[in-house]
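The values are calculated or read from the model by the stated rules, or taken from the named source; none is laboratory data. Computed from a prediction, not measured in an experiment: that's the story for all the values here. Neighbour counts are summed over all protein chains in view; Cβ atoms, including those assigned to glycine, are modelled from backbone coordinates with ideal geometry. Accessible surface areas use protein heavy atoms only, side chains included; no ligands, DNA or RNA. Shrake-Rupley method; radii C 1.70, N 1.55, O 1.52, S 1.80 Å.
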Amino acid sequence: MKDIQNDFDPRNIEIDKVGVKNVKYPIIVLDKANGFQHTIATISMFVSLPHKFKGTHMSRFLEILHANQSMINMKNFPTMLGQMKEKLNAESAHLEVTFPYFVQKDAPVSKTPSFLEYTAGFFGHLDGANAMRDFTVTVAVPVSTLCPCSKEISDHGAHNQRGIVTVQVRFKKFFWIEDLISLIEGCSSCDLYSILKRQDEKFVTERAFQNPKFVEDVVRDVADNLSKNPNITYFTVEAENFESIHNHSAYAYLERHTNGGEL
């Protein structure tokens, strides 16, 4: 049958990215505690398209995805990008994979087990020289913060709220997502749990009260910890608090390049 996509296009215009976006697909990822974890990812796959071709072959993206679904991780990401370039005759390839990631957390006092959901992501770009031009790992972590100002000016209590801290990193060698999650949670007023018994609720309430944080404190503390890690070469930190006494969010963001564990 005729391959329309390979027909000549006379407009002489290259396309930077063409492919499939927001594909939902079951994948397997590495899990520090259990070896691996099944999840459902949202995946976008793009390649560059030379000016002479009318279109790309969309089905090939899904064929590559299906062939690699048994394990998608930091180690094999360059392989998938290389396959995209080769099978689609492209100069560059882009791959974005985001997925819910679950970690078992025991309640702080009762030790009642439950799973907490995080959002993780891998983002990569392979250029014409078959070199990884960019590869980042992202994780979004739900946290709790307690307002230092509210605590200071109130005779009783202080307002607190849930928030999301999103961190994106470039790095030199493999690391566990769980370790990045732990670092972020340690910079909040208190981390979250899916199940809390009464004694646990008392613990997290008092812990947050003893450890008040603005969003500015959270991003600075995360940045301070990441900048001391020699494996991290670049990072962004974004904190959003869903304010309990306002109809808006509090927000802070920073971006830094690091050099051997220094800002």
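Might you report the magnitude of the Cβ-based charge dipole of segment 43-191 about its Cα centre, with Lys and Arg at +1 and Asp and Glu at -1, to the nearest 20 debye?
In total the dipole reaches around 580 debye.
List the aspartates and glutamates whose Cα sits under 14 Å from the Cα of Lys32, skipping any in the same chain fewer than 8 residues away.
Glu178, Asp179
Dipole of the chain, Cα-centred, from +1 at each Lys and Arg C-beta and -1 at each Asp and Glu C-beta, to the nearest 20 debye?
Result for the chain is approximately 660 debye, rounded to the nearest 20.
On average, how much accessible surface per residue is there in segment 35-186, in Å², for a 1.4 Å probe, leaving out ligands, DNA and RNA?
Computed with neighbouring chains in place, this is 45 Å² per residue.
Leaving out ligands, DNA and RNA, and with a 1.4 Å probe, what % of the accessible surface on segment 8-118 is carbon or sulfur?
It is 54 percent, rounded to a whole number.
Kirkwood hydrodynamic radius (Cα pairs, Å) of segment 169-213?
Its Kirkwood hydrodynamic radius stands at 12.3 Å.
Could you put Lys172, Lys151 in order of accessible surface area, largest first, with the 1.4 Å probe and the full protein assembly present?
My answer, sorted largest first, is Lys172, Lys151.
Give the dimensionless ratio obtained when the Cα radius of gyration of segment 22-111 is divided by 2.2 N^0.38 Å.
Compactness ratio reported: 1.37.
As a quick test, which of the pairs Lys172/Lys202; Lys85/Lys228; Lys24/Lys87 have an alpha carbon distance above 30 angstrom in this structure?
With Cα atoms farther than 30 Å apart: Lys172/Lys202; Lys85/Lys228.
Roughly what percent of Cα-Cα pairs across the chain reach past 32 Å?
35 percent
Mind jotting down the three principal axis lengths of segment 212-263 based on Cα atoms? Whole angstrom, largest first.
Per principal axis, max minus min of the Cα coordinates gives 41, 18, 12 Å.
Where does segment 133-263 land on Rg/Rh, using Cα atoms and the Kirkwood Rh?
Radius of gyration over Kirkwood radius for segment 133-263 works out to 1.01.
Positive end of the charge dipole of the chain (Lys, Arg +1 and Asp, Glu -1 on Cβ, about the Cα centre): tell me which of Leu116, Val139, Ile4 has its Cα farthest that way.
Of the options given, the answer is Ile4.
Regarding segment 1-53, what is the average projected area of its C-alpha convex hull, in nm²?
One quarter of the hull surface, i.e. the mean projection, equals 5.8 nm².
Kirkwood Rh over alpha-carbon pairs of segment 92-139, then Stokes-Einstein at 25 °C and 0.890 mPa s: what D in µm² s⁻¹, rounded to an integer?
189 µm²/s
So what is the orientation-averaged projected area of segment 1-152, using the convex hull of its C-alpha atoms, in nm²?
13.8 nm²
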